[in-house]
Each structure stands twice: as C-alpha cells, then as structure tokens.
Amino acid sequence: MPSVNSFKVQKRLDYKAPEFTALDIELTFNLADEYTVVRSQAHYKRLTADRKAPLRLDGEDLELKEVQLNGMSCQSRIEQGCLVIENVPDEFELTIENVISPAANSTLMGLYKSGTTYCTQCEPEGFRRITYFLDRPDVLAKYKVTIIAPEYGCSVMLSNGNLVAEGEKNGRRYTVWEDPFPKPSYLFALVAGTFDIIKDSFKTKSGRNVSLELYVDRGAYNRGLWAMESIKQAMAWDEKRFNLEYDLDNFKVVAVDFFNQGAMENKSLNIFNSIYVLTDKDTGTDSNFYNVQGVIGHEYFHNWTGDRVTLRDWFQLSLKESLTTFRDQEFSSDVASRAVTRLNAINVIRTAQFAEDASPMSHPVRPEEVVEMNNFYSVTIYDKGAEVIRMIHTLLGEDKFKQGLALYLSRFDGSAATIDDFVQCMAEVSGRDFTQFMRWYTQDGTPNVDASWTYSEDGRQLTLNLKQHTAPTKHQQIKEPFEIPLRTSFLNAKGQQVIPPELPCDGIILLNEPEQSFTFNVPDKQTIPVLLRDFSAPVKLNASYSDEELVHLAGCCDDPFIKMDSATTLIKRWCSANAAKVKAGGQAAQPQAVLEALSLVLEDKSVDPQLCAMMVETPSISAMMQYADKIDLDALQVLHETLEQAAARGLKPKFEALYAARKRGAYHYSVKEAGGRAISNLALSMLAVALKAEGKVSEADDLVLRHFNEADNLTDRLTAMRTAVHHELPSADKIAGSFKEQCQGDPLVYDNYFRTIASAPVESVVYRVRKLMREDENFELENPNRVRALVGTLVNSNPCAFHKKDGTGYVLLVDVVRALNAVNEQMAAKLLGPVLSFRRFDPERQELMRECLQQIRAIPDLSRSVFEKVEAALKDQ
C-alpha cells in the first residue's frame, strides 16, 4: 500500500528552466501491435552554465535497445524513471532506439491501439511512453516523423505538419511528415489505420487554400459531415472575431473510439473521441450536434491559444484551457444561441465547479502543488478559468481585450508563456492594475456575496450594501477580498429598466473590499436592483429579495440568467423551509411562488423555446445538493418529487398546449428547431408526471409510447425512452428493448441505453448496472466511453441510487476502481468525485463512504491518480 510519501508532490514554485533543449527531432516508427520499434534522432543543446550537468530524459514503460551520442555508443543509466547520460558536450546529436507495445497499452497514454487503429495521446506526459525525451512543455522542437507499417490495416498513416514523402519499401508502406513549427512533445501525434476520408477545403482571408481532411471509421462518412461543416465555421469565426488565420496547408481531424478525454489539439492533427465527431439525426441528439460544433471549435482554436503559444509548465494549464474555453463559448454563442450557451456554462459552474470548490480536491485556477497532473484537468481549470477570462473581457471591453490577446500572441509566438505573461499583456493595453484581480488565479474557493438595500424616506435614493466572504480552505485559511465585477441594472414595478445616473455606463459595480455601499437615485421604493446580470462573476449571491420580487424578476427581467436564477432562488427557499418538515415525515407545502415564476416564464413569448425548457425543467437532485453545505439526500429526494409533481400538475394546461403545438415533419438540426424539440419534449415528460400523479398511468403510457413510435430522430426517441424508464411506465421494457435492437452494432448510440438505465431513479438500478457490466456484450471496461456511459452516469448523475444506505453503490465503485486502477488509472480517478466530499452527508452515509475510500486506499499498487484523491479526502478536516 502506498505511503503518504510514496508519490512526489510537485510544486509550482519549484519550477526550474530546462538545462537542455531539443532543437529538432526525427522519429521513425516501425509499427507492430506488440513490438513497435521507435528510433529517435534529436539535436540537443545545453542551456545551463553548469557544464557538468548530465542530460536527463523522461521515459516510462520503455524497452531500451540502443543509445548513441554523435554516432557512437555511450554510457547511460536509468535513474528514477529517467535516462541519464553524463559528460555530454554543449551541443550534440543523440540517437535512441526503444521498443513499445501499443496493443498492451491500456492507459491510452502514449502510443496505443484504439480498436484496429494506432493513435497517440501525449498531453500532459504521454510522450515519455513513446521514447526518452525532454517531456516538458517549455522544450519546443521541430519534428520530422517517418511511419512504416504494412499496408493492410494501415492504409492511412498521419502525423503533424505536411506530408513530404511516401512510398513502399521491403513490402511495407511509409509516410514522412514534417512540421515547420516548433512544438512541445505533448502536441506530437501519430495515427495509422483504415478510414473513410471526408475532404473539403477552406480559403483563408489572405487567399490561401487549406486542405481539410476528416478521418472516420468505415461506413461513418455521413455522420462526419456536420463535424466538417463545424471546422469551416470555426476557421471563419476565428478570422472574423480575433483576426487569427490558420497557418499550415492542411488541417486533419481523426475520430477514435478509445480516448480518455474529449479531444486533443495536436498541431494540425487533432485526435477526437468519436462522440464529438460522429452525429446525424438517427445517431445523434440535438445536444450531440451542439457539442460536436463546440468541441471542434475548442480544439481548432487551440492552434493559436495553446499550440503557437504554449505553456511554461503544467501549473499554467489554465492559460491555454481557460482562454480557449472562453473562445469556444463565444463561438457557440455567435453561431448557435448566446443565451443557451451562457446558461449551459453557468450551470456547469454552479453545480460541478462550486462542488469542486467545496471538496477536498479544491484548488486555485493556477494550482500551487500537484501529485498527478491528470487530476487537474478540472472544471476549475477549464470552466472557472473561462469565467476569469470573461471577467477580464468584461472589465476591458471587446476592443481592449482583442488588443491584449493580439499582443500576447505576437509577443510569445513560438514560445512557452505563463498566466502572468497573459495578464501583463492585458494590463499593458488597458493601463489597468491587475494586482488584486490575480487573486482569482491564486485563491481557491467560491466567494459569497451578500446584498441588501435600503431606501431613503422619500424613496428616491437606494443604498446598496454589499459584503463578500470566502470560506477558508485546506491550504488557505485566510482569504483576501476578490475584485468582483457585478453587472447591475434596476427594474421598476412595471418591469421597465431604470438607469440611475450614478450607474457606470457599462453597468459594472466593482466590489473589491470586504464591505462596500453604493447609492443610486431611483424613482421610488418599487425600483429594485438587478444584480449579477449574465453571471458576471463566479460567486454565490445572497440578495434580500422578497418572494414577490423574485417572481417579478423571473417574469419581467430581460436577462436569461436573472430569470433562471430567480426561479432557482425560490426553489432553494422552498427546500430550506420544508426540509425539516419532510425529514420528520410531514408533507411539504405547495411551492406556490415557484409555480408563479415558472408560469410567467412559460408565458413570455420573447424567451427562446430552448431557454424556456432549461428554465422550467425541475432541477436535478445533483443540482439541488448544492443548495446547502450539508446534504440531506433523503429529504431532497422527497422535495424533488414533490416539486416536479407540483409543477407538472399546476402547469399542466400550459404543457398540453406546448405539446400540441409541437412541430412535426422531417428532422433538421438548427437552433430554432432544436429549441422547439426541447420545449415539446419537456412538455411530454411533465405531462407523463402529471398523468401518473393523477392515477392515469395508462394515459401517460399511451402518450409516451406514441411519441416513441412516431419519432423520426434520436432526440425524440431518447426522450420517450427516458420518460418511460425513469417513471416506470408499463411500456418501459418494450421501449427500451426496441431502442436496444435499433442501435445494436453502434456503440455510441447504445451508450444512450446505458445512460438511461443508469440514471433511472428506481430501486434496482445498482443491481441492473452490475448485471449490464457482467452480461451486456456492448460493455467494455477498457473503453472509457462505455465506463462513462454506464458506471459514470450512476455515480455522477444518480445520487439517490448511488448513495443508497445499503451501501451497494459504494461496493460497486470499489470493484470498478480496483479493476480500472490496473488498466486505466485516469478513468478510475474520474469516478471518485461523489465520495470525496463524504463529510457533507449524514453520519450513516459518511461512515459507508469512509469505508469505501479506505478500501480503495488499500488496493495493491494503487496509482498516483487514485491515491492523490483518496488521500486528500481521508485527510480533509
């Protein structure tokens, strides 16, 4: 069993510049499943004045065959996972030959087999599983790559950059690729296999023609067409919005089935999890279309914010990921729906990220120490980081932000940068002091903002009183005040916006002290402040609105976030007021104010239908778990059911009208049509709830079964299946069986069946998940998509089933983590989130989760990824 000191803690302040750099490297791969020979020839140069410093090259799970220095054999040794060579000159050529086994590499890091395809994943530290090298992001080299393989099974062989040669030799095919841009090792990529190829082109604003190639599994050509369209949209958008043009003659995307992440931005050769490439009306939902477009954009935008300018060290990860996430959110806002994209991003922050802030794995946007870097590809780094970038954009405005970004990209082009470098560029173009703002990067935790207001006797002056407080966290007992931009407006009793002369023209109030007050001239005491418009800062706002004022905001405010948040706040208050009563066995009061707010949202014709569906849908229990510091799961389950039934029955006439008005006809994906389906499918689900609550189970069943049978697209079929299964309607097994039969042979579509079963709030779900793992031939423990769909859904999205007091969910988790720890530690670690914050639960569940974590802690040869999280949870006080 690993000890506390088994794994080295890496600290940001321990960063040291490299003693050597690689100027260029030539790689030759002789591909074979079990015995791939890798030959590297690298040109190294000493950077340090210490001429006695040895060369230390990173390596992991490599079979070393030969080392030559300037063409001659040389002495070397393996020490702490590094190849060490003493007495090297200041500049030299080093040739290394080693052997790896892609077929045996179940970690999906380095070079591995995805089904029949060879592919790579090198970020953050996977290149060291390919050959010995300076595997760190601040070493940038030019790459030339030769791939040799039998033509059978490898008709396509790709790497970064431009194809400079290809042919046959000794019965084997070869291709040679050269990338003119220096890059760190984590951006290296190789793919070899057999594919259908979708070809297109894009003409840049300067007139260059860029060849576009999308590689998908045989038979999946049509399912890749939307992804190709998304590539062209992303390229055009980046030119128009940020004046950033693509820089090579070709851009390639490959879809693979075995992938730990969503996608990888390797220079000119992006490798994608197939779920973010393949979609059409029969195999993808509206959400799939939206996500494919967004993820394609994200990885393409990395070409500048990540590839051309990379990271000095991995503690700067948010530099590329938060900036690129902000850019992909803006892309989706411009080409899809700004309001829907924004609310999606806000929901991630207010559920997953706030939960991470409150967990033992809480960390700043720029972490100070890590054990396993893969654990910090987190919602804090990506999504909270994107909110920090958005605040910079808010404070500077569009023009200054674009100037700052242009300065950053020109100043650090072709080099490795830091978060400080980026912020300094923003400071230079704006003349703004970012000293206090940097606390968003250095302090973890979620700031709480309390807001109250008073009126003068004549009602003509409103004094807004603001307080901020951030609770202590494990590594930071004292929190300094953040600089919090609160986008603000005022609303009168008629629902009209009021603009006091004291309000800055951009509507931004800056809260940068523990307590501040602001005074505004207003027409009367019925005028109220509208605070945190567009969720202008990632904070928890506690404002002293009355219930009537919240209903007014939900119905009249023009800001989508304020409308949604007002309804959510009413739900929180209702839960808080009724939790004790429910816990004692009583009945909760009717959520009258909530229903009034939701009714007004449904009546507001100016609200986009998809937005309306997002606002009116009953919050998940996972979301409701974030309403309080302590989680009473049993009470929440009752409150959730009560709220859903009250909304379904109280608003039933409106849902009937919405469902009756649904558009029929051939499926087409567009923002407008997706919105129509979203609201009509919500209406279907709520009508089923209402009818079942009224005892009309047969009527509910007929409605859902008819919807399933009439559906001509996956979005509608999936809604019907989920509704039938989750509400245990008589036709549930029939619909689920039909769905299974329709999608046999298509794992990505079949994953929807796994997700539906695993998310069902029914008694037997843990047993059913275990049975599917054991008996369903479509489940593969080695495939991350299957694990996420079945086990990940149960663990992360079905809290009442996973946290059942019989402990069966925790036993399942221990078994799965034990199995995954030996084959794919990243996936094992990703399943741990729901048990890390066990101290928030009731004593009985706390003890069960503590025992679960202790059993995981005792697994022999526990991986670093799992160890770090379990240790943090058990030590957390």
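Values in this text are rule-based calculations from the coordinates and carry no lab data. Everything numeric in this text was worked out from a predicted model, so none of it was measured. Because the Cβ atoms are built from the backbone with ideal geometry, glycine has one as well, and the counts that use them run over all protein chains shown.
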Problem set entry | Karplus-derived HN-Hα couplings along region 515-530 (A = 6.51, B = -1.76, C = 1.60, θ = phi - 60°), whole Hz, x at Gly and Pro | 9, 8, 10, 9, 10, 9, 7, 10, x, 6, 6, 8, 8, 10, x, 10
For this session: Among Leu163, Phe708, Val816, pick out the residue whose Cα is farthest towards the positive end of the charge dipole of the chain, where Lys and Arg carry +1 and Asp and Glu carry -1 on C-beta, about the Cα centre.
Result: Phe708
Exercise. What ranking do 129-138, 280-289 get when scored by the average of other Cβ atoms within 10 Å per residue, highest first?
Worked result: 129-138, 280-289
For this session: Quick one, can you get me the convex hull of the C-alpha atoms of region 624-783 expressed as volume per residue in Å³?
Result: 158
Exercise. From the backbone phi of region 845-861, what are the Karplus-calculated ³J(HN,Hα) couplings (6.51 cos²θ - 1.76 cosθ + 1.60, θ = phi - 60°) in whole Hz, Gly and Pro given as x?
Worked result: 5, 3, 5, 5, 6, 4, 5, 4, 5, 5, 5, 5, 4, 8, 4, x, 6
For this session: Show the residues, 5+ positions off or on another chain, whose built amide H is closer than 5 Å to the amide H of Val522.
Result: Gln461, Leu462
Seminar exercise, completed: For Lys804, other-chain or 5+-apart residues with amide H closer than 5 Å (H placed, Pro excluded) are Gly809
Problem set entry | Mean Cβ count within 10 Å, highest first, over the residues of peptides 262-271, 532-541 | 262-271, 532-541
Exercise. Given just the C-alpha atoms of region 301-412, how large is their convex hull per residue in cubic angstrom?
Worked result: 111
Exercise. Cα axis of helix 808-821 to longest principal axis of the chain: angle in degrees, 0 to 90, nearest 10?
Worked result: 20
Exercise. Dimensions of region 1-194 along principal axes (Cα, Å, largest first)?
Worked result: 49, 43, 30
For this session: Would you mind giving the average projected area, over all directions, of the Cα convex hull of the chain in nm² with one decimal?
Result: 36.8
For this session: May I ask for the angle, rounded to the nearest 10°, between helix 225-242 and the longest principal axis of the chain, with both axes built from Cα atoms and the value confined to 0 to 90°?
Result: 90
For this session: Can you spot the lysines whose alpha carbon is less than 18 Å from Lys11's alpha carbon? Ignore those fewer than 8 places along the same chain.
Result: Lys474, Lys869
Exercise. Within region 37-130, which GluC sites (Glu not before Pro) sit in a loop by DSSP and count at most 14 neighbouring Cβ atoms inside 10 Å?
Worked result: Glu86
Exercise. Net charge near Arg573, counting Lys/Arg +1 and Asp/Glu -1 over other residues with Cβ under 15 Å of its Cβ?
Worked result: -2
Exercise. What is the sum of charges around Leu64, taking Lys and Arg as +1, Asp and Glu as -1, for the other residues whose C-beta is under 15 Å from the C-beta of Leu64?
Worked result: -1
Seminar exercise, completed: Sorted by chain and then number, the residues having a modelled amide H within less than 5 Å of the amide H of Arg173, at least 5 places away or on another chain, are Ala149, Glu151
For this session: Would you work out the relative contact order for region 309-442, in percent, from Cα pairs under 8 angstrom that are 6 or more residues apart?
Result: 36
Seminar exercise, completed: Checked region 109-216 against the a/c 1.5 cut and the a/b vs b/c comparison, axes a ≥ b ≥ c from its Cα gyration tensor; verdict oblate
Problem set entry | Charged-residue dipole, Cβ positions (Lys, Arg, Asp, Glu), region 1-194 about Cα centre, Debye nearest 20 | 320
For this session: Obtain the radius of gyration and the Kirkwood radius of region 604-663 from its C-alpha atoms and give Rg over Rh.
Result: 1.07
For this session: Write down, largest first, the equivalent ellipsoid semi-axes of region 721-877 in whole Å, where each equals the square root of 5 times an eigenvalue of the alpha-carbon gyration tensor.
Result: 29, 19, 11
Exercise. So which GluC sites (Glu not before Pro) in region 225-256 end up in coil per DSSP with only 16 or fewer other C-beta atoms within 10 Å?
Worked result: Glu245
Exercise. Quick one: Debye curve from the C-alpha atoms of region 1-65, no solvent, what's log10 I(q)/I(0) at q = 0.17, 0.19, 0.27 Å⁻¹?
Worked result: -0.93, -1.00, -1.22
Problem set entry | Theoretical ellipticity at 222 nm over the chain - DSSP helices of four or more residues, -39500 (n - 2.57) apiece, nearest 500 | -12000 deg cm²/dmol
Exercise. Rounded to the nearest 20 Debye, what is the dipole magnitude of the chain about its Cα centre when Lys and Arg each give +1 and Asp and Glu each give -1 at the C-beta?
Worked result: 540
Exercise. Among the lysines, which have Cα under 26 Å from the Cα of Lys652 when same-chain residues fewer than 8 positions away are ignored?
Worked result: Lys563, Lys572, Lys605, Lys663, Lys672, Lys692, Lys696
For this session: Go through region 823-840 residue by residue and turn each phi into a ³J(HN,Hα) via Karplus (6.51, -1.76, 1.60, θ = phi - 60°); whole Hz please, and just put x for glycine and proline.
Result: 10, 8, 5, 4, 5, 4, 5, 5, 7, 7, x, x, 9, 5, 9, 4, 5, 7
Problem set entry | Charge dipole (debye, nearest 20) of region 176-283; +1 at Cβ of Lys and Arg, -1 at Cβ of Asp and Glu | 240
For this session: Enumerate lysine pairs in region 169-248 that are 8 or more residues apart or on different chains, then count those whose Cα atoms are under 15 Å apart.
Result: 6
For this session: Find the all-direction average of the projected area of the Cα convex hull for region 751-823, expressing the result in square nanometres with one decimal place.
Result: 4.3
Seminar exercise, completed: With the 8 Å Cα cutoff and a minimum separation of six or more residues, the chain has a relative contact order in percent of 9
Seminar exercise, completed: Among GluC sites (Glu not before Pro) in region 317-360, those in a DSSP loop whose Cβ has at most 13 other Cβ atoms within 10 Å are none
Exercise. What percent do you get for the relative contact order of region 1-194 when only Cα pairs under 8 Å and 6+ apart count?
Worked result: 22
Exercise. What list do you get for Ser101, Ser274 if you sort them by fewest beta carbons within 10 Å?
Worked result: Ser101, Ser274
Problem set entry | Cα long-axis angle, helix 697-710 against the chain (0 to 90 degrees, to the nearest 10) | 40
For this session: Measure out, as a whole number of angstrom, how far apart the alpha-carbon centroids of region 644-668 and region 315-350 sit.
Result: 30
